[in-house]
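One structure below.
The values are calculated or read from the model by the stated rules, or taken from the named source; none is laboratory data. As the structure is a prediction and not an experimental result, all values here were calculated from the model. Note that we place each Cβ from the backbone using ideal geometry, even for glycine, and neighbour counts take in every protein chain shown. Accessible surface is based on the protein model in full, side chains and every heavy atom, while ligands, DNA and RNA are left aside. Shrake-Rupley method; radii C 1.70, N 1.55, O 1.52, S 1.80 Å.
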Amino acid sequence: LILTKIKTMAVTRQSIKGNESISGVSSRVLHVLDSFVDSPAPGSNANALTFDELKRIEKGRRAILLRAELPFWRILLFWSGTCLKEIATDYLVWITMFIYIGIRMYANLTETVPIVVDLWAGANIGILGGFLSFFLVLFVNQTNGRFLEMYGFNKACSGRIQDVAGLAKTQMPADLADRLVRHFNAAQIAGYVGLNAIGQGSPYSKAYFFDHYNRKFKLLTDEEMRLLDHHDMDNSGLCMKDLVTWCQDDVSQARRAGHLDMIQEQFMMDRILAFRAAMDGMYDYTDQPPHFFYIHFIVLLSSIYLPLFAIDSAYAAGWGSETYVGLDVMNGLIVLLQCIFVVGLRSLGTKMIDPYGDDLEDLSVILYVESTLEICSTIMSSKSRMNTVVKISEEDPQIFNTKSVDDI
């Protein structure tokens, strides 16, 4: 803020002198000031993406979700959101295939069968493959459970906000209800920004994410933002906790003013605390990924198994006069399929560990935020129907007639 003011003063000083352009020493000073003002503040979110970048990723995520029910031939034509990119860029896959291709080239060029081929015939690589398959499936099942649990936390946060907004609209004065809903939505967005403080970081930042929605929906006033300045929103979840406490204060104030009875107050408090518990669940899962020991174990087994499988398949495909190109190709496809299975499952499990990143497979945070804001806006702008009553028809008790109050 100070640097911005210095820059403004320098420009104003030049304009007073009647210069239409800034040159010389002043331009160099302003250039230095520009670099300070435009650069990220110390301690800010290094993983942050601009809002336009986040929207592009979000659009891709929503498009991928619609592919699940496409015909199989169309699914096979996609590249983004598939295992193909991970497999194509994994060194272990290439090393495994080079081992197989190298042995088969030597087998086709030589007339003698190496002694090691006969010795290798007694090896049983299938046992190792069976153990590895078990641990890979277990790993994917565990990370998928985490992923779905965190998805549930996201939807629970949105649902609790809607619960409070509905009761606030019908029981509280408009200004107090509006303030409560604004604070609650701000707490949700601040919670997503605070995820950057733990785990692998988050692309959602205060500058590009929270401030965007704050300007668009006027969630917090300038005075309220100043009250939160002591929190580092990009690197802490404390701002979300503070905003949740504000929501509790808003409910308590409505109770003291007589707008809510004790049961309604308790209902709102329960929903606010349920929201905070869901947010805490996201933080807890993000802070504690699957054990590195387990992941290292799987990677180590994979790194040993795939080269051994390539050697076993290459030795068993024939030597000298017994070599056949068709058999070489078929065994090569089997080795490739085994790489796809092992590396694909491992990559799938790794992708689901942190669903709040910038991958296309991650959760649609922008959708959750914007849908909650839209629903709350609909609730708060809902028109009252107190000018109509519904009565049972005397002729047919099953028929309901709606009449204006003026007609009764």
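Summing +1 for each Lys or Arg and -1 for each Asp or Glu, what net charge is found among the other residues whose Cβ lies under 13 Å from the Cβ of W246?
-1
Two decimals is fine: what's Rg over Rh for region 277-363, C-alpha atoms, Kirkwood radius as Rh?
1.22
Using the beta-carbon distance between I115 and E69 and R0 = 51 Å, what value does 1/(1 + (r/R0)^6) give for FRET efficiency, to the nearest 0.05?
The computed FRET efficiency comes out at 0.40.
Using +1 at the Cβ of each Lys and Arg and -1 at the Cβ of each Asp and Glu in region 63-205, identify which of G166, L92, N196 lies farthest towards the dipole's positive end.
G166
Would you kindly state how much longer the chain becomes between S133 and N47 on full extension, computed as 0.36 nm times their sequence separation minus their alpha carbon distance, in nm to one decimal?
27.5 nm
Please arrange T112, T372 by accessible surface area, largest first, computed with a 1.4 Å probe and ligands excluded.
Sorted by accessible area, descending: T112, T372.
Residues with beta-carbon under 13 Å from that of N196, excluding N196: net charge, scoring Lys, Arg +1 and Asp, Glu -1?
-4
Round to a whole number: what % of the accessible area of region 234-335 belongs to carbon and sulfur, probe 1.4 Å?
63
Sort H296, H212 from largest to smallest accessible area, using a 1.4 Å probe on the heavy atoms of the protein chains.
These residues rank, largest area first, as H296, H212.
Take S303 and D261, extend 7 Å from each Cα along the Cα→Cβ direction, and tell me the distance between the two endpoints in nm.
Taking the simple label geometry, S303 and D261 are separated by 6.7 nm.
For region 213-260, evaluate the Debye formula with one uniform point scatterer on each Cα (no solvent term) and list log10 I(q)/I(0) at q = 0.13, 0.15, 0.27 Å⁻¹, rounded to two decimals.
-0.39, -0.50, -1.05
So how strong a dipole does region 245-360 carry about its Cα centre when Lys and Arg Cβ are +1 and Asp and Glu Cβ are -1, to the nearest 20 debye?
Result for region 245-360 is approximately 80 debye, rounded to the nearest 20.
Which FRET efficiency value, to the nearest 0.05, is calculated for L333 and F293 with the Förster distance at 25 angstrom and r the Cβ-Cβ distance?
The pair L333/F293 has a calculated efficiency of 0.15.
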